[in-house]
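Single-structure report; data block below.
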Amino acid sequence: MRIAQQSGFLSKNTNDQPKIFYNIFSPETNEVKATLLIIHGMQEHGGRYSEIAEYFANRGLAVLTYDHLGHGQSVNEKKDIGFFQLNQPDKKLIDDAEMMSDHLTSKHPDVPHFILGHSMGSFITRCLLQRIGNQFTGAIIVGTGGSLAGITLLNTYFSIANKIAPHQKTFFNSLFNFVNNNHFRKDKNFSDTSWLSINQANRDAFTQDELSGIPFTNNAFYTLFKLYKQATKKNWASPISKSLPFLFISGKDDPIGNFGKGVMQTVNNLKDDGFTHITSKIYPDMRHEIMNEEIREKVLNDIYVWICQNNPGGFESLSHLDY
């Protein structure tokens with residue numbers, strides 16, 4: 001299937017700078033059967049999801065990827081990567097996600113709409129669902145975590161650091177990698193990126209990508225932990241319809257998900273709260289970037305099959321494609 005690609009910049013207000021860079025991938029000749037909004041993680045950018053977007057576009061979905069503020073091409077200058085903004089940066093990231101959702105929906109208003117968030121993007125997704133969950137047919141939550149001991153302390157510390165030195169690249173970058181890598185120090189090819197994936201080619205690509213792995217400022221960690229707290233607080237999902245289908249996927253060896261425990265804690269809490277369409281899949285031996293492991297094809301196929309199964313009858317024919 002031939003894929004059409006459209007890129008551009010969006011802003012909620014004409015004076016907003018920088019504008020937010022996005023790409024839309026869609027089948028060129030076939031009818032769009034559904035949309036998928038992909039929200040990426042910290043210290044990376046939407047371009048890392050191009051092959052994933054093409055996979056789903058080849059199966060009839062229109063897919064939008066974008067760069068968060070302070071990431072990728074959503075900066076005025078490269079030196080701004082790793083910094084969001086001073087005024088309500090957490091709200092800004094949720095606002096931008098809503099803006100991208102509205103943009104994609106406006107292009108294909110009469111089809112089911114799905115959302116996929118990875119890592120930091122999973123927390124933005126969970127916050128966005130609190131606001132406009134009724135606009136989505138289903139949500140795929142990738143590489144997420146459960147409640148975190150000490151999150152209030154982290155929020156307090158970075159709230160102060162953000163006021164004193166918001167642009168400063170913080171020591172916490174090294175501590176963050178140290179903690180996430182603790183389980184993998186005996187790896188034969190151990191590096192700072194060991195926690196990301198078993199797949200060495202993916203880790204090498206991340207390291208060689210000049211737009212990935214750029215350290216966070218105090219402002220960025222302040223934003224991250226505010227999003228984390230909002231997305232994982234008790235009853236975080238209370239504004240969301242209990243009939244909304246969720247798919248949670250994670251690597252069993254993902255430290256962000258506390259090696260599966262945090263993910264399953266979230267899943268079980270939702271079930272206990274009465275959510276009726278919760279699916280989870282934990283992949284043995286896999287790590288944080290589950291969609292970039294060598295089993296990528298299987299993971300993406302699992303997501304695709306779930307999308308086909310969780311729709312209001314709008315695109316049954318998708319499930320007959322070869323994959």
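Numbers for the structure displayed
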read-out: About the Cα centre, charge dipole magnitude for the chain (Lys/Arg +1, Asp/Glu -1 at Cβ), debye; value: 1000
read-out: Under 17 Å from the Cα of residue 92 - aspartates and glutamates, other chains or at least 8 residues apart; value: 16, 67, 80, 102
read-out: DSSP-defined beta bridges in the stretch 1-100 - what % are antiparallel, rounded to 5; value: 70
read-out: Share of carbon and sulfur in the accessible heavy-atom surface of the chain [1.4 Å probe, %]; value: 49
read-out: Filtered chymotrypsin sites (Phe, Trp or Tyr not before Pro), the stretch 126-181: DSSP coil and at most 11 other beta carbons within 10 Å; value: 171
read-out: For the stretch 144-295, size of Cβ-based charge dipole, Lys and Arg +1, Asp and Glu -1, in debye; value: 640
read-out: For the stretch 47-111, accessible area per residue (1.4 Å probe, heavy atoms of protein chains only), Å²; value: 36
read-out: Heavy-atom SASA rank of 302, 102 (probe 1.4 Å, accessible area, largest first); value: 102, 302
read-out: Choice from 226, 281, 78 showing the highest fluctuation, given a GNM over the chain with Cα pairs closer than 10 Å; value: 78
read-out: Computed E for residue 30/residue 152 - FRET, C-beta separation, R0 56 angstrom, nearest 0.05; value: 0.70
read-out: Too-long pairs where the Cα-Cα distance tops 27 Å, listed order kept, from 79/186; 226/261; 107/281; 234/281; value: 79/186; 107/281
read-out: Rounded accessible area of residue 277 (nearest 10 Å², 1.4 Å probe); value: 90
read-out: Cut-off 10 Å between beta-carbons: net charge of the residues surrounding residue 144, Lys and Arg +1, Asp and Glu -1; value: 0
read-out: Counted charge near residue 85, where neighbours are those whose Cβ lies closer than 12 Å (Asp, Glu -1; Lys, Arg +1); value: -3
read-out: Residue-count net charge about residue 273 - beta-carbon cut-off 11 Å; Lys, Arg +1, Asp, Glu -1; value: +2
read-out: Estimated [θ] at 222 nm from DSSP helical runs (n ≥ 4, -39500 (n - 2.57)) normalised by residues in the chain, nearest 500; value: -11000 deg cm²/dmol
read-out: Over 30 Å [Cα-Cα, the chain], rounded percent; value: 29
read-out: Considering only the chain, percent of DSSP beta bridges that pair antiparallel, nearest 5; value: 35
read-out: Sites matching GluC sites (Glu not before Pro) across the stretch 1-67 that sit in DSSP coil, with at most 15 neighbouring C-beta atoms within 10 Å; value: 28, 31
read-out: Selected from 94, 201, 270, residue furthest toward positive end of dipole (the chain; charges at beta carbon); value: 270
read-out: Most mobile of 37, 69, 153 in a GNM of the chain (Cα contacts under 10 Å); value: 153
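The values are calculated or read from the model by the stated rules, or taken from the named source; none is laboratory data. Worth saying up front: this structure is predicted, and the values here are computed from it rather than measured. Every residue, glycine as well, gets a Cβ built from its backbone with ideal geometry; the counts of neighbours run over all protein chains shown. Accessible surface is based on the protein model in full, side chains and every heavy atom, while ligands, DNA and RNA are left aside. Shrake-Rupley method; radii C 1.70, N 1.55, O 1.52, S 1.80 Å.
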